[in-house]
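Asker: So that we are looking at the same thing, I have put the structure below in structure tokens.
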Amino acid sequence: MTQQSPTDHTATTGEPASKTAVQGWPERRTAWYAVSIFALALLFLELDRGIMTLLVEPIKADLGLSDTQISLLLGFAVVVFNAFLAIPASRYVDIWPRKYILSAGIAFWSTMTALCGIAMTFWQLFVFRMGMGIGGILNGPATYSMMADYFPRERLPRAIAVMQLGFIGGLGISLVLGAVVIQMLLDIPSVSIPGTGLVLRNWQLVFIIVGVPGLIVAGLMMTVPEPPRRGRMVNLTKAMPLREVIAYLVKHWRVYAPQFFGLAVSAIESSGTRAWQPVFFQRTYDWSAQKTGLTLGIALLIAAPVGLLLGTWLTEKFAKTRNDANLRVVAIGYTISPVFAIAGPLMPNPWLAVASAAIAFMIAIGGAVPQNAALQSVTPNEMRGQVTALYLFVFAVIGGGIGPTFIAVFTDFVVGDERLLRYALSLSAAIMMPLAAWIMWSGVRPYGGAIAEVKIREQREASGG
């Protein structure tokens, strides 16, 4: 008996696949313009979220916070509402115009970022950081849903690689720009706002400076054409119930479970490392925030494009002969990167630590391209938004929520000395990354079988069968 493809909607509803005519793909110029705006939005999302990693020490000093409280602001605050809103809200990605959803989200998180600049207490900053998380909840589901409607499967990894430049830019520029802005503001006294009694410190001005330009990006998103939806098994006038989506994923658990659980485990390590890495350089090697930001930012901006090129090239090379190309490249990356992630924090000098961090990030970003393409390639259009939201929920809530706090709690209560942060970072990588690699390898063969079934179905539809 032929195994049912993960894009065979009859597996959950018993309804036949639609026989709509095969649509032409959008013009390349239009598709790549959309990718450029998606990348710009992703850049500002990561910039707004990541800028705080360089501001940890002044925020701690001004608000009198512990590492654990800081970790809650870095991770948990941003993702807490994701657990309640992301999945139900993602249903509308599958039926509403996605560019409007994206534009509204960008405007909201940018406003919340700027408002972080007037926070005077831990709880005020916590609430505004939560607002940033709410604004970014649907950015991933809506963006990837549109990308899969702009590009055919064989070109999707390359398009995602270009879009990932926004992610890289956000991470790198948040470090470089943060360092530059901090240096500029060092000699500027606190700013008093007349009539309000507010006195803004240097770190608060940084939030305002990086938050406001995002409103321009929200306007640019409105100029992106909405592509026709492709790959739908049935025509929907309302969102598919979440219980059907869950039942679908459970039925095809051999394909989806390794992707979800492998991501969850690796995200704890990567999110925790990303949150505490700048602080690690300051505490371990006595680097200033400015030197840390500039050095790490430049290193990531150099290493990440190389990773994107290598990851895309390897995926496309494997795809010529293998159906499991996407997930195989991810598993290979998960297998190699722990070497550098474990060793980096233990290096005897900062430059070797920077080199290790850059190589680990290069490998990770190279795997991110096929990792996202893998999910979109086996998921029907009518549930793509919700499935992507579930996937990003794992990354954001489990990774972003647990990762920073996992390392902070280990530093505070196990190591017992914040100056020994390096051991918490190294141990996190030693535990999480090999486990993530084992999980991801378990999904390579089922994923290849699923893609083979998808190709058979597409050939049948193209021939009118």
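The values are calculated or read from the model by the stated rules, or taken from the named source; none is laboratory data. Owing to the predicted nature of the structure, the values given are computational and were not obtained by experimental measurement. All Cβ positions, glycine included, derive from the backbone under ideal geometry; neighbour counts span all protein chains shown. Ligands, DNA and RNA are stripped out before the accessible areas are found, and what is left, the full protein with its side chains, is counted by its heavy atoms. Shrake-Rupley method; radii C 1.70, N 1.55, O 1.52, S 1.80 Å.
Asker: Which residues, taken from segment 48-72, are open to solvent by 10 Å² or more (accessible area, probe 1.4 Å) and in contact (Cβ under 8 Å) with a residue 60 or more places away in the chain?
Answerer: If the condition is that a residue be open to solvent by 10 Å² or more (accessible area, probe 1.4 Å) and in contact (Cβ under 8 Å) with a residue 60 or more places away in the chain, then ARG49, GLY50, THR53, GLU57, PRO58, ASP62, LEU63, SER66, THR68, LEU72 are the ones that fit.
Asker: Which one is farthest from SER71 (Cα to Cα), of the residues in segment 445-465 that are of a type in the set (A, V, I, L, M) and open to solvent by 10 Å² or more (accessible area, probe 1.4 Å)?
Answerer: That would be ALA462.
Asker: Kindly establish whether THR113 is of a type in the set (Ser, Thr, Tyr) and more than 20 Å from the chain's Cα centre (by Cα).
Answerer: The answer is no for THR113.
Asker: For segment 143-170, how many residues are charged (D, E, K, R) and in contact with a Ser or Thr (Cβ under 9 Å, 6 or more places away or on another chain)?
Answerer: Selection size over segment 143-170: 2.
Asker: For segment 340-369, enumerate the residues that are touching a helix residue (DSSP H, G or I) at 6+ places or on another chain (Cβ under 8 Å) and in a loop (DSSP other than H, G, I, E, B).
Answerer: Answer for segment 340-369, where residues must be touching a helix residue (DSSP H, G or I) at 6+ places or on another chain (Cβ under 8 Å) and in a loop (DSSP other than H, G, I, E, B): MET347, ASN349.
Asker: Just one of (1) crowded, with 21+ Cβ neighbours inside 10 Å; (2) modelled with pLDDT under 75; (3) farther than 24 Å from VAL330 by Cα trips up GLY169, so point out which.
Answerer: (3)
Residue-wise test of (1) hydroxyl-bearing (Ser, Thr, Tyr); (2) more than 23 Å from VAL255 (Cα to Cα); (3) touching a Phe, Trp or Tyr at 6+ places or on another chain (Cβ under 7 Å).
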| position | (1), (2), (3) |
| --- | --- |
| ALA289 | no, yes, no |
| GLY293 | no, yes, no |
| LEU308 | no, yes, no |
| LEU314 | no, no, no |
| LYS320 | no, no, no |
| ASP324 | no, no, yes |
| LEU346 | no, yes, no |
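Asker: Being modelled with pLDDT of 90 or more and either of a type in the set (S, T, N, Q) or open to solvent by 10 Å² or more (accessible area, probe 1.4 Å) (or both) narrows it down to one residue among MET112, MET146, MET132; which is it?
Answerer: Residue meeting the stated conditions: MET112.
Asker: Here's another thing I want to ask about it. I need a count of the residues in segment 343-361 that are touching a Ser or Thr at 6+ places or on another chain (Cβ under 9 Å) and open to solvent by 50 Å² or more (accessible area, probe 1.4 Å).
Answerer: Count: 3.
Asker: Oh, and also: Going by what's in this entry, would PRO370 be described as more than 21 Å from PRO157 (Cα to Cα) and buried (at least 23 other Cβ atoms within 10 Å of the Cβ)?
Answerer: So PRO370 does not fit the description; no.
Asker: Does PRO97 meet the test of being under 19 Å from GLU418 (Cβ atoms) and surrounded by fewer than 19 Cβ atoms within 10 Å (Cβ to Cβ)?
Answerer: no
Asker: Within segment 413-444, take every residue that is among the charged types (D, E, K, R) and surrounded by fewer than 15 Cβ atoms within 10 Å (Cβ to Cβ) and give me the one that is nearest to PRO350 (Cα to Cα).
Answerer: ARG419
Asker: Looking at ILE87, ILE101, ILE106, which one is within 23 Å of ILE398 (Cβ to Cβ) and either at pLDDT below 90 or not in a loop (DSSP other than H, G, I, E, B) (or both)?
Answerer: ILE87
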